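The values are calculated or read from the model by the stated rules, or taken from the named source; none is laboratory data. Quantities reported herein were computed from a predicted structural model and do not represent experimental measurements. A quick note on method: Cβ atoms are made from the backbone with ideal geometry, for glycine too, and the neighbour counts reach across all protein chains shown. Heavy atoms of the whole protein, side chains included, go into the accessibility calculation; ligands, DNA and RNA do not. Shrake-Rupley method; radii C 1.70, N 1.55, O 1.52, S 1.80 Å.
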Amino acid sequence: MEQVTVEDLLIATGGRLLNGNPDRPVSHIRLDSRQVQPGDLFVPIIGEKVDGHLFIPQVVEAGAAAVLTSEHDEPLDRESAVAWIRVSDTKGALQDIGRYLRARLTLPLVGVTGSVGKTTTREMIAAALSAKYRVYKTPGNSNSQVGVPITISEISKEDEVGVIELGMSEPGELTVIAQIAKIDMAVITNIGITHIEQLGSRENIYREKLTIQDGLKDGGVLILNGDDDMLCHTKGKESVTTIYYGTGENCDFRAEEIRLHDGKAEFTVVHDGKRQHVVLSVMGRHNVMNALAAIAVCDRCGMTMEEAAAGLLSFTGFKNRQQIYNGSRLTILDDSYNASPASMKASIDVFMELKKGNRHVAVLADMKELGEKVLDYHREVGIYAAKAGIDQIITLGSACHALCEGASSVSRVPTVEFENKEAMVSYLETFLRDGDCILFKGSNSMGLSEVAAHFIAKAGI
């Protein structure tokens, strides 16, 4: 945070100063007591299992400049220089701080949401914009009701454009986040079934995703995936401009002549009668859509399509998301960060482009948060994998039994199922042979990233 004092925090939260100097500067916001450095603000969040207030003595010792509290009416030590700010709710106060700091910013903010691909799209937008501007982007996955205020607090006066990811896992959450961020442009990548367990139906997910507009400024821009069956007919609220990207004639930014070279896409984007050749440094046809969203954002920020295309070349992906490791023995596609039916299929498409003629072994784990149709979705992915030509399917988790059933219903592809990760690793140690291509894909909680890391290291890649 720049030029933020304890007094600013008091104004933002309406809190009461129990101790300390209101003129004391505050540098960063921390939720994890272990990360607190001298000069930081510690916000103790009350979670389902742990109450952050328990760690206030620890952060005081670490030199925090200030702490919020909803459980103290007196500081633990009046001799300390730490500013204690009494608020009614620490999470709400953190959001108030986010709103206060957003109001002080003058740079445009781009907000990205969607069921699948929002993180990659965020990164590609940031890369494209970086060809002309200094860009601040959401670090990691700080896209929640507590993550977005912290993201906003780290934007500096040198930054010229901000690209922030807005997540959602429950009804009403995106409205809260959007109203904190007050974005100038909103991008919705698609309407899928991620979090359908909490939201009940794809229609409900659609309605929730559109609440990103609750924080979209008047005169702003809503950028939609024109190939999505629900978004292609959607118009933004009154006072905003709606722009579509995709491959159809309805799209303002349209991809033509899509080709794959060694799995990496290139295409021609057509907009307003102009054409631009685009080459991507990442795998997969699905990334064409993410690139189109980035080009649309760049256009609204005053960039040419040529500049945007140059910026997109700098994006090479990130850890555990379609990262390819080529070794003398094995070729590994690590896409273990997370999974949904759509991303599973996209990953299989990329995988089958690798080293054709070699044996392709898919190591797949359960997909989470898919609601009552969870087994149907796994079965659907199994059918897709078998039809794609996978040579062997190895699974981890109970839901993947349906995936194996689906695969076996359409082909004779061999399947091996595991409930125990260690047992699966032991099997792979003896099963894999020189020249194999291996895909690791599943929900993050299934721990396939550890398995992928083990075989990457073992292969000496």
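Summary of computed values
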{"read-out": "Fraction of beta bridges assigned by DSSP in the chain that are antiparallel (%, nearest 5)", "value": "30 percent"}
{"read-out": "Cα gyration tensor category, rounded, prolate or oblate, for segment 77-232 with a/c compared to 1.5", "value": "oblate"}
{"read-out": "Accessible solvent surface per residue of the chain, calculated while the other protein chains remain in place, 1.4 angstrom probe, Å²", "value": "42 Å²"}
{"read-out": "Reach of Lys319 by Cα under 18 Å, taken over aspartates and glutamates that are not fewer than 8 positions away in the same chain", "value": "Glu123, Glu165, Asp334, Asp335, Glu450"}
{"read-out": "Acute angle (nearest 10 degrees) that the helix 448-458 long axis makes with the longest principal axis of the chain, alpha-carbon atoms", "value": "70 degrees"}
{"read-out": "Relative contact order of the chain, defined on C-alpha pairs under 8 angstrom at six or more residues apart (%)", "value": "11 percent"}
{"read-out": "Violating pairs (Cα-Cα greater than 25 angstrom) within the set Lys132/Lys157; Lys264/Lys441; Lys157/Lys264", "value": "Lys157/Lys264"}
{"read-out": "Segment 1-57, relative contact order [Cα under 8 Å, separation at least 6], %", "value": "25 percent"}
{"read-out": "Accessible surface of the chain, 1.4 Å probe, proportion on carbon and sulfur as whole %", "value": "47 percent"}
{"read-out": "Relative contact order %, segment 114-200, counting alpha carbon pairs below 8 Å whose residues are six or more apart", "value": "40 percent"}
{"read-out": "Convex hull projection area averaged over all views, the chain, Cα basis, nm²", "value": "23.0 nm²"}
{"read-out": "Local electrostatic count at Asp23 - Lys and Arg +1, Asp and Glu -1, tallied over other residues with Cβ under 15 Å", "value": "-1"}
{"read-out": "Net charge of Cβ neighbours under 12 Å - reference Thr151; Lys, Arg +1; Asp, Glu -1", "value": "0"}
{"read-out": "Protein-only accessible surface order, largest first, of Lys118, Lys373 at 1.4 Å", "value": "Lys373, Lys118"}
{"read-out": "DSSP beta bridges in segment 24-86 [antiparallel fraction, %, rounded to 5]", "value": "10 percent"}
